[in-house]
1. Which residue fluctuates the most in the chain, going by a Gaussian network model with Cα springs under 10 Å, if the choices are Glu204, Glu14, Glu145?
2. Hey, can you find the accessible area per residue of the chain for me, probe 1.4 Å, expressed in square angstrom?
3. How high is the relative contact order of region 73-208? Use alpha-carbon pairs under 8 Å, at least six apart in sequence, and give a whole percent.
4. Can you pull the percent of region 113-215's accessible area that's carbon plus sulfur, 1.4 Å probe, other chains left in place?
5. Can you give me the solvent accessible area of Thr199 with a 1.4 Å probe, rounded to the nearest 10 Å²?
6. Tell me the label-point distance for the pair Ser6, Gln158, using the 7 Å Cα-to-Cβ offset, in nm and rounded to one decimal.
7. Ranked from the most accessible area to the least, with a 1.4 Å probe and all protein chains present, what is the order of Val191, Val54?
8. How would Lys121, Lys55 rank on accessible area, largest to smallest, probe 1.4 Å?
Amino acid sequence: MLEIKSFTFNPFAENTYLLYDETKEALVIDPGCYEKQEKGELLDFITKNDLSPVKLINTHCHIDHVLGNAFVKSTFDIPLWYHEEEEAVLQAVSSYAANYGFAQYQPSKADHYIREGEWIKFGNTQLLSIWVPGHSPGHLVFYHEESASCIGGDALFQGSIGRTDLPGGDHETLIRSIRQKLFALPDEVLVYPGHGPNTRIGDEKETNPFVGKSAFS
């Protein structure tokens, strides 16, 4: 059975996710941990639950989602995966991290580029990779059909959507991506977003002011 543990890290209040199942193999998604205390919180949970991280995944590579990439990758000696369109986004972080107060940011780079439709496997679990561009060019969402859940990054939030005013963002692309890709998932699917509380696909189809029914009525 899939277990999803969330942590909220860094001044951007970014949601980091740790996914694991009965095999104790684990997947780390979007590690935003920067301060020593934050890194310790993630490490303590992994240690106390006897978990074995096997992959590090980024939904996208804005600074708040990758601050802990180098730490996780080196600590557990695991590969980093993300979409190829995020390469420039990630490599740009080094040029502005200090301006946001992250002078000790450590860069990282991909060991594998995820393709749309690719299965992310760990333990007895597999997640489907869905390309949802707009917030960033290579933004991915990871869907687990059996538990009706998905790790949504910064595409869709409770009552909102991801910002599109950053380099590589495009508002119309994001709207189209959500309506064609995410809203094609079952209504009961629980979305674990990159910021804020969880939400359900069906609820956002009904009430989201940007992509829900009222936005197109």
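1. Judging by the Gaussian network model, the answer is Glu145.
2. 45
3. Working: 235 pairs, mean separation 24.9, N = 136.
Worked out over region 73-208, it gives 18 percent.
4. Roughly 49 percent, rounded to a whole number.
5. 10
6. 0.7
7. Values: Val191 0, Val54 45 Å².
From most accessible down to least: Val54, Val191.
8. Numbers: Lys121 115, Lys55 30 Å².
Sorted by accessible area, descending: Lys121, Lys55.
The values are calculated or read from the model by the stated rules, or taken from the named source; none is laboratory data. In this text, all values refer to a predicted model and were calculated from it rather than measured experimentally. Virtual Cβ from ideal backbone geometry, glycine too; neighbours counted across all protein chains shown. The protein model used for the area step is the full one, side chains on, heavy atoms only, and it has no ligands, DNA or RNA in it. Shrake-Rupley method; radii C 1.70, N 1.55, O 1.52, S 1.80 Å.
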